[in-house]
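The values are calculated or read from the model by the stated rules, or taken from the named source; none is laboratory data. From a predicted model like this one, the values you see are computed outputs, not experimental measurements. When we count neighbours, we look across all protein chains shown, and the Cβ atoms used for this are built from the backbone with ideal geometry, even at glycine. These accessible areas exclude ligands, DNA and RNA; they are computed on the full protein's heavy atoms, side chains included. Shrake-Rupley method; radii C 1.70, N 1.55, O 1.52, S 1.80 Å.
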Amino acid sequence: MAREIDHRSPSPPYRQIAAYLVADITAGLFAVGAPIPSEKELCEAYGVARNTVRNAVRWLRDAGYVETVVGRGSYVLDRASTTDEAVANESA
């Protein structure tokens, strides 16, 4: 799972981690309803600080890829249904 973070990239580390996780989600490595790795696991896998991982997960949450349950973790959302709901709400 672990890929390297390019610290010389114009993309900040948290966005690189988010991009890797999005790729894994869209490839089906994390099914809808499945948890993504914990903050601790992501910190160890990418060699970054917890704040960097939290920013990556926040980006995923804001983009509608995951939902976070306090004390439990972050779980993959069904983006098809959230997209359908957004379209329905716009039509109303």
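Brief remarks follow.
- Over the range 20-61, accessible surface divided per residue gives 54 Å², non-protein components excluded, 1.4 Å probe.
- Stretchable slack from Ala34 to Ala80, in nm (0.36 nm times residue separation minus alpha-carbon distance): 15.0 nm
- HN-Hα J in Hz across the range 32-39 - Karplus 6.51, -1.76, 1.60, θ = phi - 60°, x for Gly and Pro: 4, x, 7, x, 7, x, 5, 4
- With the simple model of a label 7 Å out from the Cα in the direction of the Cβ, His7 to Thr26 spans 2.9 nm.
- Ordering of 34-43, 53-62, 5-14 by packing [mean C-beta count within 10 Å, highest first]: 53-62, 34-43, 5-14
- Surface composition of the range 1-56: carbon and sulfur make up 50 percent of the accessible area, probe 1.4 Å.
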